[in-house]
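The values are calculated or read from the model by the stated rules, or taken from the named source; none is laboratory data. Since this is a predicted model, take the numbers as computed values, not measurements. Backbone-built Cβ (ideal geometry, glycine too); neighbour counts: all protein chains shown. The area values use the complete protein model at the heavy-atom level, side chains included, leaving out ligands, DNA and RNA. Shrake-Rupley method; radii C 1.70, N 1.55, O 1.52, S 1.80 Å.
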Amino acid sequence: MSICQNLNSTQEMSFIAGNTQYLDFECVDENGQTINLATGSAKVDFSPYGDSNYVVLSKNGVIYDGNKFTITLNSGDTINLGGLYSFQPIITDVQGKDYRPLQGKIYIQPAIK
């Protein structure tokens, strides 16, 4: 589970394209206090590493326990992807303001055919 507080605070991840993956995030402030997501929304955007202007995948989060959310990368989401990607969770508060509390890297290995 990634903590939504510090930029670049996630460990690099990797998996084979076409496999289902679950990414979980817990949102706390700089003091470790929980951030209430219940009145907002969350999603995660993925871009090729070094090209943040091009979003290849955007997944809406499912909020649970008030300050946590999860996304599911289904087989079809990644089957045609391969390489190094950046991802950024985006938290939108009740007033529509977006927060991007962290980013990470994920390597998607194309499946051997």
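Restrict the check to segment 49-58 and report whether at least one residue is assigned to a loop (DSSP other than H, G, I, E, B), free of Cβ contacts under 8 Å to residues at least 24 places away in the same chain and hydrophobic (A, V, I, L, M, F, W, C).
yes
Return the residues of segment 68-113 that are of a type in the set (A, V, I, L, M) and either without any contact (Cβ under 8 Å) to a residue 40 or more places away in the chain or not in a strand (DSSP E or B) (or both); say none if nothing qualifies.
Of everything in segment 68-113, those that are of a type in the set (A, V, I, L, M) and either without any contact (Cβ under 8 Å) to a residue 40 or more places away in the chain or not in a strand (DSSP E or B) (or both) turn out to be ILE79, LEU81, LEU84, VAL94, LEU102, ALA111, ILE112.
Mind checking which residues of segment 36-48 are assigned to a loop (DSSP other than H, G, I, E, B) and either among the hydrophobic types (A, V, I, L, M, F, W, C) or open to solvent by less than 20 Å² (accessible area, probe 1.4 Å) (or both)?
Once the filter is applied, which keeps residues that are assigned to a loop (DSSP other than H, G, I, E, B) and either among the hydrophobic types (A, V, I, L, M, F, W, C) or open to solvent by less than 20 Å² (accessible area, probe 1.4 Å) (or both), segment 36-48 yields LEU37, ALA38.
Within segment 7-34, count every residue that is in a loop (DSSP other than H, G, I, E, B) and either exposed (fewer than 15 other Cβ atoms within 10 Å of the Cβ) or in contact with a strand residue (DSSP E or B) (Cβ under 6 Å, 6 or more places away or on another chain) (or both).
Result for segment 7-34: 14.
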